Structures are given as structure tokens and as C-alpha cells.
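Read the structure below first, then the notes.
The values are calculated or read from the model by the stated rules, or taken from the named source; none is laboratory data. Values in this document were obtained by computation on a predicted structure and should not be read as measured data. Positions of Cβ are backbone-derived with ideal geometry, glycine not excepted, and every protein chain shown enters the neighbour counts. All accessible areas refer to the heavy atoms of the entire protein, side chains included, with ligands and DNA or RNA removed. Shrake-Rupley method; radii C 1.70, N 1.55, O 1.52, S 1.80 Å.
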Amino acid sequence: MGNFLAGKVVAVTGAGRGIGRAVALAAAAEGAKVVVNDYGVGMEGNEPTSEIAESVVKEIIAAGGEAVAVADDISTMAGGQRIVDTALAQYGRIDGVVCVAGILRERMLFNMSEEEWDPVVATHLKGTFTVFRAASAVMRRQGTGTLIGFTSGNHQGSVAQANYSAAKGGIISLVRSAALGLAKYGVTSNAVAPVARTRMSANVPMELKEIGEPEDVAALVIYLLSDKAVAVGGERITGQVYTIAGPKIAVWAQPRELRAGYAEGSWTPEKIADFLPGTIGTDPMPMLAQLEAMAKAAAAKDRPNA
């Protein structure tokens, strides 16, 4: 057992399988007391079962750690609150929350139904909010704490997962909002965009050149939860989005204006037509180029790399 998180209490959603399970096990191995949350549904949203979370708790206890299971639905306010309340009741504090829980409903945008949109956004985005909201209220009083949301490279857009992409983009904005609003209270907020071998990544229709294991992702999460997550200048790391893909770690740029221009007088459609293409231009979408490569590879009956 390590001591990277000694004395800390950490809650992990979606902790029954894959990356969430790896994070929960790693947190316990590094000395944290862990609240293991998993509603126990599959990627397609089958009936929930509490046995999934409880099995991870048993693993942690067998290894000498401390953990408790909470099989609540974090897409509800009560579910998010219960995770934090359980941490307080069992261990007296909450030092970190890690929101990994997610489901998929793949469909082209023009065919996507409300029933395919709502559960995905509810689980990913609202599920992050409910836990962040409950935890941040406690962390604010404590004067310390860490919020970690899980996003995806698909926040750039997706051909057949507009629901998932929209939720993952929303999580980034939520994380940055939390970082801004909670900095003066000593609370940090960051996002992780993992590329790892899981049930979800098994459905990606291309060979991923940069991909790791859930344990790689867990290592980054443990670091961000720890007191060692400090930038070169000495300030605590917050408001960041990190990708981890096997041996690779990358940080995403903060949103910023790329180019700007100004009119003399008021804009009209005609003025914009003359001005925008040559002066402001566009910011190319790498994903579009990737789609073209995939289409060519498919025509050649090949499976493209990404």
C-alpha cells in the first residue's frame, strides 16, 4: 500500500468496472478511504444491481483498505447527495470526487430520439453536476478538496454520438466553472480524457495507435487527487483537461479567440461576406480530415488508424 492519498476520503462513480474500478482500487491502495458508487447498469442501460459496487468494496477490504458501496443513480440530485452523505457518515469528510460513470446510446443525429439523448446527458453531465454540487458545498466549508470530471476526445464532435459528445463538452465547461468559482475556497477542479481499453473503447470503429489500460488513467487521477498536484509556479493545478493514452499525457488548450477583426460602422451580411473569409477565416477541424481518411480506408476495405 502507498501513501499518496493517506488520510483522504475519495468517492468514485462508475467504480464497478473499467476505469472507475481501477481508480477506486488505486485510491485505496494509496491510503484513501473510498466510497464506491456504481448503479450497476450496463452500457446499454439494463436493470441496475448493487452487487457491482459491493464486489469492488470486497476487493478493497481484502487488500487491507477501507471502502463502502453506494449503488445510487447519480443522474438524480438525491443520488449525488447520498454519495457525499455516505462519505461524511462513514468517514467524516470528503476530499475528492471522481465522476467516471457513463453510458452510450449510439445513433446518427437525424435519427436520435429523446430516449437516446436524455439518459446519456443525464448520466454523464448531470451525474457529474449532482456529485460536484453536493461535494463542493462540503469542500467549501473544509477549505480543501478536489473535483475530477471525466470527458473524452469526442468533445470535439462525433459522427454517431452527438449525445455523448455534447455531454462530454459540457463536463469540460462544468469543470472550468467549478475551478473558477471554487478557487478562493481552496478547491480544485480538473478533467481527464482517457484513452484506455474498456467496454466502451472496444466499440471504436478504428485502430487506436495511442491507447493504454485503466490503470494508466488511475495513476493520473491519483496524482490529481493528491497534494502533489502543483504546477511549476507553486499554484495548485486546476481548470485543466488532461488526456492520458498509455505512455502519453497531454494537456488541452484553454478556449480562446483565434483571430478577430473590426468593421467600420455596423456589420451587414455583405460586409461580412467580403471580410470574414480572408481576414478571420476558419479553424480547421482535424476530425473532418480523420473522417475523410476513414472513408478512404473503408472504401479500400481497410481499418484505419487514429
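Most simply put, the chain has about 15% antiparallel DSSP beta bridges, counting only bridges with both residues inside it.
Under the simplified labelling scheme, the Ala253-Arg140 pair shows an inter-label distance of 3.4 nm, with each label point 7 Å from Cα along Cα→Cβ.
Against the chain, whose longest principal axis comes from its Cα atoms, helix 214-225 is set at around 80 degrees. Excluding ligands, DNA and RNA, the accessible surface per residue across segment 1-139 is 42 Å² with a 1.4 Å probe.
Across every direction, the projection of the convex hull enclosing the Cα atoms of the chain has a mean area of 19.6 nm². One compactness figure for segment 19-112 is 1.18, namely its Cα radius of gyration divided by 2.2 N^0.38 Å. Quick one: among Asn163, Asn111, Asn154, which has the greatest mean-square fluctuation in a GNM of the chain with alpha-carbon springs under 10 angstrom? Answer for the Gaussian network model of the chain: Asn111. Between helix 162-182 and the chain there is an angle of about 70 degrees, using the helix long axis and the longest principal axis of the Cα atoms.
Considering only Ala273, Ala166, Tyr262, the residue lying farthest towards the positive end of the dipole of the chain is Tyr262, judged by Cα position with unit charges set on Cβ.
Within the chain, the longest run free of exposed loop sites, counting chymotrypsin sites (Phe, Trp or Tyr not before Pro) that sit outside DSSP helix and strand states (H, G, I, E, B) and have at most 14 other Cβ atoms within 10 Å, spans 1-261.
Of all lysines in the structure, those lying under 29 Å Cα to Cα from Lys168, and not within fewer than 8 positions of it along the same chain, are Lys8, Lys33, Lys126, Lys184, Lys209, Lys228, Lys248, Lys296. Applying 0.36 nm per residue to the separation of Leu88 and Ala6 and subtracting their alpha-carbon distance, the gain on full extension is 27.8 nm.
Distance between the 7 Å Cα→Cβ label points at Ala263 and Ser55: 6.1 nm. Taking 0.36 nm per residue of separation and subtracting the Cα-Cα distance, full extension of the segment from Thr279 to Leu180 would add 32.4 nm.
Shown for segment 77-159 is the translational diffusion coefficient from the Stokes-Einstein equation, using the Kirkwood radius over Cα pairs, a temperature of 20 °C and a viscosity of 1.002 mPa s: 151 µm²/s.
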